[in-house]
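Data block below; observations after.
The values are calculated or read from the model by the stated rules, or taken from the named source; none is laboratory data. All values reported here derive from a predicted model rather than from experimental measurement. Neighbour counts are summed over all protein chains in view; Cβ atoms, including those assigned to glycine, are modelled from backbone coordinates with ideal geometry.
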């Protein structure tokens, strides 16, 4: 508990000091977030295409795969950012399913803009909370402003900001186009999920009994497919391949949708129960 509070307070105070020195909080926050993103990209901590990401010493790893459907350009986008915000115990995952004539541009823009914007708003929210209460213990359930409140506030501000960006974007017509936005932040042992649209997140353990249904693959089937995949880097691809087979069997004659999956593993593969817990977030299969 002390480690979390100390880490948050230190980050918030350093951010607050920089903001005061430059007297331009909004631009400073955005610049700091963008610099973190650039640094993470250089260190290959950000994955935006099909592949696998794993940082040495981290409990997290993620497999990403996307397959174009039969309706034209692939409008799906995904991202995994290990060490989100330069925090060793944090990871950001997002999947975005575009729709409409400009859907692929919208989903790509949101994929590129949302992580840094969220990080920026999270930093500012932390700074404000710490300035209001220097002794704030974010692990104290009796405190009105909890970690969840901070993330919720950050997400709401981020969605409004990105939506405004699209509204004023000169090269993207988002009036009749849009995207889902399903994102997950893992911070220590806590997971925060934000969802706009009909993409799905499934949290599974060995004893999980999920009953929600995708169009062609049930949650339980998805869990079993991933858990039986011995090589983690291939998990997302195998799940998509199984979904493609199911689509062709159950929806014969109907043009197949784009299918994209991010599998986030929450335990190192060397543990005895390495496949006992997964987070899958994917576009809904229509």
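What to note about this one:
- Test set (1) buried (at least 22 other Cβ atoms within 10 Å of the Cβ); (2) more than 25 Å from residue 159 (Cα to Cα); (3) within 21 Å of the chain's Cα centre (by Cα); (4) modelled with pLDDT of 85 or more - residue 260 fails condition number: (2)
- In summary, residue 57 fulfils each of the numbered conditions (1) free of Cβ contacts under 8 Å to residues at least 60 places away in the same chain; (2) surrounded by 15 or more Cβ atoms within 10 Å (Cβ to Cβ) with the single exception of condition (2).
- Some residue of the range 200-211 being modelled with pLDDT of 90 or more, under 20 Å from residue 91 (Cβ atoms) and surrounded by 15 or more Cβ atoms within 10 Å (Cβ to Cβ): no
- Hits in the range 45-60 (condition: assigned to a loop (DSSP other than H, G, I, E, B) and either under 17 Å from residue 183 (Cβ atoms) or over 16 Å from the mean Cα position of the chain (by Cα) (or both)): 45, 48, 55, 56, 57, 58, 59, 60
- In this structure, residue 80 does not qualify as part of a helix (DSSP H, G or I), within 12 Å of the chain's Cα centre (by Cα) and touching a residue at least 40 places away in the same chain (Cβ under 8 Å).
- In the range 86-126, residue nearest to residue 38 (Cα to Cα) [restricted to those that are at pLDDT below 90 and buried (at least 22 other Cβ atoms within 10 Å of the Cβ)]: 123
- For residue 63, the conditions (1) part of a loop (DSSP other than H, G, I, E, B); (2) more than 22 Å from residue 33 (Cα to Cα) all hold with the exception of (1).
- Being modelled with pLDDT of 90 or more, assigned to a loop (DSSP other than H, G, I, E, B) and surrounded by 15 or more Cβ atoms within 10 Å (Cβ to Cβ) holds for only one residue in 184, 172, and it is 172.
- Where residue 193 falls short, out of the listed (1) surrounded by fewer than 20 Cβ atoms within 10 Å (Cβ to Cβ); (2) modelled with pLDDT of 90 or more; (3) farther than 20 Å from residue 116 by Cβ; (4) in contact with a strand residue (DSSP E or B) (Cβ under 9 Å, 6 or more places away or on another chain): (3)
- Residues of the range 87-104 satisfying the condition of being assigned to a strand (DSSP E or B) and out of contact with any helix residue (DSSP H, G or I) (no Cβ under 6 Å at 6 or more places or on another chain): 93, 94, 95, 97, 99
- Screening the range 241-265 for residues that are out of contact with any strand residue (DSSP E or B) (no Cβ under 6 Å at 6 or more places or on another chain) and assigned to a loop (DSSP other than H, G, I, E, B) and picking the one that is nearest to residue 74 (Cα to Cα) gives 257.
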